[in-house]
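For reference, the structure discussed in these notes is given below.
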Amino acid sequence: GANRDRRGRRAGKSAAMNIFKLPLLNWLVANGIAVYFLFRQGLLDWTFSGWMGILGILVALESVSWVATSLYYFYKHKTSPNPTVKATHLVTNGPYRFSRNPMYLAFTSMSLALAFFSHSSYFLVAGLVFWLITDLYTIPQEERFLSASFKNEWEDYSKQTRRWL
């Protein structure tokens with residue numbers, strides 16, 4: 001009885017932690033909560049003018065560019081960008097020359113763009129929450145897999161390329 005209860009709790013905890021393996025979902029939830037709170041307070045207002053609008057547009061374009069280019073390199077190397085699917089190739093070129101996680105960097109900076117558009121720090125908090133989950137949980141799991149799967153290639157790559165920027 002007691003062992004089964006412990007296993008059940010571990011399985012439940014493990015299932016709850018598995019959500020952190022889905023960065024896009026984590027980003028959507030964190031920013032969705034920001035939208036919810038702004039909406040509830042009647043403060044959900046988007047502005048695309050002035051210097052905040054220009055910065056928002058530039059950061060959004062940067063974010064979309066990082067994602068599109070990253071997806072292109074995944075496609076080019078015939079490996080999946082889905083973090084729950086085992087990688088068949090270690091992508092180290094394109095945007096991966098500058099950052100080991102350009103897509104996560106793009107998601108984080110897209111929260112910054114949303115903060116510029118909405119004039120709200122809620123999206124900065126959402127970006128920080130996403131960054132913390134990703135940096136403390138998602139990326140270390142991925143790095144353990146990549147280290148085991150691509151041993152020497154991963155070691156060289158991780159020494160020459162930063163995790164974020």
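The values are calculated or read from the model by the stated rules, or taken from the named source; none is laboratory data. Everything numeric in this text was worked out from a predicted model, so none of it was measured. Here the Cβ is made from the backbone with ideal geometry for all residues, glycine too, and neighbour counts use every protein chain on show. We work out accessible area using only protein heavy atoms, side chains counted, and drop any ligands, DNA or RNA first. Shrake-Rupley method; radii C 1.70, N 1.55, O 1.52, S 1.80 Å.
When each of Phe74, Phe130 is tested for being open to solvent by less than 50 Å² (accessible area, probe 1.4 Å), over 15 Å from the mean Cα position of the chain (by Cα) and of a type in the set (A, V, I, L, M, F, W, C), the lone residue that passes is Phe74. Taken together, the residues in region 35-53 that are at pLDDT below 95 and either under 13 Å from Phe117 (Cβ atoms) or open to solvent by less than 60 Å² (accessible area, probe 1.4 Å) (or both) amount to 11. Residues of region 126-136 include at least one that is among the hydroxyl-bearing types (Ser, Thr, Tyr) and touching a residue at least 40 places away in the same chain (Cβ under 8 Å).
Just name the residue that is surrounded by the fewest Cβ atoms within 10 Å (Cβ to Cβ) out of those in region 88-117 that are within 24 Å of Leu55 (Cβ to Cβ) and out of contact with any Gly (no Cβ under 9 Å at 6 or more places or on another chain).
Of all residues in region 88-117, those within 24 Å of Leu55 (Cβ to Cβ) come to 95, 98-99, 101-117.
Checking the rest, the ones that are also out of contact with any Gly (no Cβ under 9 Å at 6 or more places or on another chain) come to 95, 98-99, 101, 103-106.
Details: Pro95: 21, Phe98: 13, Ser99: 18, Asn101: 25, Met103: 23, Tyr104: 27, Leu105: 23, Ala106: 23.
Among them, the one singled out is Phe98.
For the structure I just gave you, tell me whether Ala68 is of a type in the set (Gly, Ala, Ser), on the phi < 0 side of the Ramachandran plot, open to solvent by less than 20 Å² (accessible area, probe 1.4 Å) and in a helix (DSSP H, G or I). So Ala68 does not fit the description; no.
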